[in-house]
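Here the structure comes first, spelled out in structure tokens, and everything after it is commentary.
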Amino acid sequence: MKKKILIPTFFLIYLFIGLFIYNDYGIGIEEHFQRQNGFYWIVKIFSYLGVDSIKIHSLELYQSIRSYDPNLPDSNFFNYYGITFDSTLAFVETVFKINNSKLYFELRHLTSFIIFFISSIFFYKILKNRFKNDIVIYLGTSFYILNPRIFGDSFHNNKDVFFLSILTIALFYLFQLLEKNNTKNIILFCLFAAIATSSRIMGIYLPLLFIFFLFLDYLSQKIFFGNFLKKTLTILSFYIFFLYLHYPYMWELNIFKFIEWFSVYFYNMDLKILYSGEYYHIKYLPKLYLPVWISITTPIFILLLFIGGYLFMFKRFFQRLINIKLNTMPIHDFWSSVSEKKDIFIFFSLTSFLLYAIFLNVAMLSGWRHFYFLHVFIIYAAAYMLNLLLTIFKKKKFNILYFKLINLVFISIILFDLSSFHPYQSLYFNSLINKENIKNFPVDTPSLSRSDALKYIISLNKTEDKIFVSNASWTPFHNGKDLLKDYEQKKIIFVGQDYNKADYIYTNFNYEVDPRLNKKYNIPKDFKEIKKVIISDIPIYSIYKRIN
Amino acid sequence: MRIFVYKFLIIVTGIFILYQVTIGYTVFKLQQKLFSLNSKENSIFVKDKIRKELIAGLKKDKIFNEKDRILIKKLYKKIYLELQSLN
């Protein structure tokens, strides 16, 4: 009875907190482009369907975005990801004729949060089906929700966290499929795997790895070849069907130019980013870029559990590997139970993506947000470790209360960090980063502070008709005004890096050039810093005012 | 068949990792270096360096030492004579 109330209460509290704070967040750096992409898709889809009314209205909106901000990336080129979220939101915006920029960006934030909220329920179910122990399930679900960077991004990162959410749901159905091979599970798995793929191409690994696992089953003589072939074909058919159904990028592909299908996914910008005190081209980042970023932005407690869990998974896998014997099954194989098979699936997924990121020169920027989907594997590994620790506690007959207390302390620390960083949880760094070494890493890469900075400048100039603002950082500052009220937006005039014309200069310390060598973002001497936002030694943004 | 496939997969993964940490890493370092040499910041750095050296040189009483002066004078004379011989 207690359990029946506890879980819904937990999720209800989380939902209410999300609904209460979703409009505190700034606009993410990609949101304008994604909004534009949504209309691009809508125009495409309704052109195919021949529905002119929606198509014409969406086209007008698409063109108005292009003319308002011609610097946004061209949707005709970047037309290969993000269809589900962006086009749905663009459709809502078109049908309900939402004309207020503040409203449509807040709607995006709310939707993004709700999708992540739903995914957290699926993650709870994944843990519940795997671990059976309530403490592990509750803690694991809490970690999934409360990891500060993911918590913050769940409100504004409609691409990477959306992909993480869909991946989690797809993973749930994949695990269901491992338990019970029926049509319902196949269809739901393929549906969510297809949505994941159209959001980020990485989603393609889901059916492929699943088929690889089927192949291992066949090798272990758990299924016949005919059965393996039938299952593979069924999975691929449903997957391609769902992908084709909702992904216009596929509609225009030339079947004879297979190689070209994937070439677009390997495009990268000619850009340099700050990492560990040096500026690197995004295609030639140091090999440890991803592991280091994960290590400095994940709460230490979760990080340690993850490392422990991953090492124990590796140990188990290695032991299984060296003990494989030809005629003694099923014990002497990669797995002896469905639970173990799930663990191996997570281990394979995580290892493959880490090796991919480390060895294959993957272009990355803005920290590790392109790999935020690893969060689901990281937390699964952490829960795996918790489960092991709890088993040890029980074996040694330690009091479980201590185990609960230790975890409660760490959860409280994470909660404290979440509240102190609000609404900049996306810029969280753990205690490995301090006042000195924070200079070596970029902070406000999603440009979340833009709107807050503008609101502050407006609050200082309530009676002014025009306020000239400049931007001393590599961030599309002008886009931050879309969270302001209409009359406030009209007051602000953006002058780029033309500091002579500016009344105020904003910087979030994010640069695409090395400021030690290139002086274009140097603040002129006739400006004085009037505001600097620092959270736990992490500088978020500064505002300077002309002094004469 | 099963053992063969497992061994094959392990060997392929092993070769991939071995290649990446040896030859792959050397190639990667070279590419990384090339990109940093090519960069705008690097050319700005070189320009600044030359500018600083010129300013420092102008502040001195004599830019060249005795040996260099003789060498440059000889070179100048030779170039001058060669150019004169053109006509």
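Report, in listed order, any pair from A:LYS231/A:LYS325; A:LYS491/A:LYS545; A:LYS519/A:LYS545; A:LYS44/A:LYS485; A:LYS128/A:LYS342; A:LYS462/A:LYS531 with a Cα-Cα distance greater than 21 Å.
Going by Cα-Cα distance, A:LYS231/A:LYS325; A:LYS44/A:LYS485 fall outside the 21 Å limit.
Go through B:15-27, A:159-171 and give me the packing order, highest mean Cβ count within 10 Å leading.
Descending packing order for the listed peptides: A:159-171, B:15-27.
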> Can you list the aspartates and glutamates whose alpha carbon sits under 14 Å from that of A:LYS230, skipping same-chain ones fewer than 8 residues off?
Replying inline: A:ASP217
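How large is the direction-averaged shadow of the alpha-carbon convex hull of segment A:429-547, in nm²?
7.6
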>> From the helices alone, meaning DSSP H stretches of at least four residues, give me the mean residue ellipticity at 222 nm for chain A, per-run term -39500 (n - 2.57), in deg cm²/dmol to the nearest 500.
In response: -19000 deg cm²/dmol
> In whole angstrom, how far apart do the alpha carbon centroids of segment A:320-394 and segment A:476-548 sit?
Replying inline: 44
> Out of residues 5 or more away from A:ILE535 or on other chains, whose amide H comes under 5 Å of its own, with H placed 1.01 Å from N in the peptide plane?
Replying inline: A:ILE540
> Cα centroids of segment B:3-38 and segment A:1-38: how far apart, whole angstrom?
Replying inline: 41
> Any idea what the dipole of chain A comes to, in debye rounded to 20, about its Cα centre with Lys/Arg Cβ at +1 and Asp/Glu Cβ at -1?
Replying inline: 1720
> Going toward the positive end of the dipole of the protein assembly as shown, with +1 on Lys and Arg Cβ and -1 on Asp and Glu Cβ, which of A:TYR22, A:ASN71, B:LEU83 do you reach last?
Replying inline: B:LEU83
> Where does the protein assembly as shown land on the Kirkwood hydrodynamic radius, alpha-carbon pairs, in angstrom?
Replying inline: 27.8
> With Cβ to Cβ distances under 10 Å as the rule, what net charge do the other residues near A:LEU365 carry (K, R +1; D, E -1)?
Replying inline: +1
> What does the charge add up to near A:TYR499, with Lys and Arg as +1, Asp and Glu as -1, over the other residues with Cβ less than 15 Å from its Cβ?
Replying inline: +3
> Against the longest alpha carbon principal axis of chain A, how many degrees, from 0 to 90 and to the nearest 10, is the axis of helix A:134-146 turned?
Replying inline: 30
> Quick one: which of A:LYS102/A:LYS466; A:LYS125/A:LYS394; A:LYS125/A:LYS180; A:LYS125/A:LYS341; A:LYS180/A:LYS395 span more than 22 angstrom between C-alpha atoms?
Replying inline: A:LYS125/A:LYS394; A:LYS180/A:LYS395
> Treating the beta-carbon of each Lys and Arg as +1 and of each Asp and Glu as -1, no other charges, what is the dipole magnitude of segment A:447-546 about its Cα centre, to the nearest 20 debye?
Replying inline: 240
> Any idea what angle helix B:25-38 forms with the longest principal axis of chain B, computed on alpha-carbon atoms, 0 to 90 degrees, nearest 10?
Replying inline: 30
> Between A:ASN361 and residues 5 or more places away or on another chain, which pairs have amide H atoms under 5 Å apart, with H built 1.01 Å from N, and which residues are they?
Replying inline: none
> Across segment A:239-245, in residue order, what do the Karplus-derived ³J(HN,Hα) couplings come to in whole Hz, using 6.51 cos²θ - 1.76 cosθ + 1.60 with θ = phi - 60° and x for Gly and Pro?
Replying inline: 4, 5, 4, 5, 5, 5, 4
>> Can you tell me which aspartates and glutamates have their Cα less than 18 Å from the Cα of B:LYS62? Leave out same-chain residues fewer than eight positions away.
In response: B:GLU53
> If one takes the longest principal axis of the Cα atoms in chain A, at what angle in degrees, from 0 to 90 and to the nearest 10, does the Cα axis of helix A:160-179 lie?
Replying inline: 10
>> Please report the projected area of segment A:36-99's Cα convex hull averaged over all directions, in nm².
In response: 4.1
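Every read-out reported here was derived from the displayed coordinates using simple, explicitly stated rules and does not represent laboratory data. Bear in mind that the values here come from a model prediction, so they are computed numbers and not experimental data. Virtual Cβ from ideal backbone geometry, glycine too; neighbours counted across all protein chains shown.
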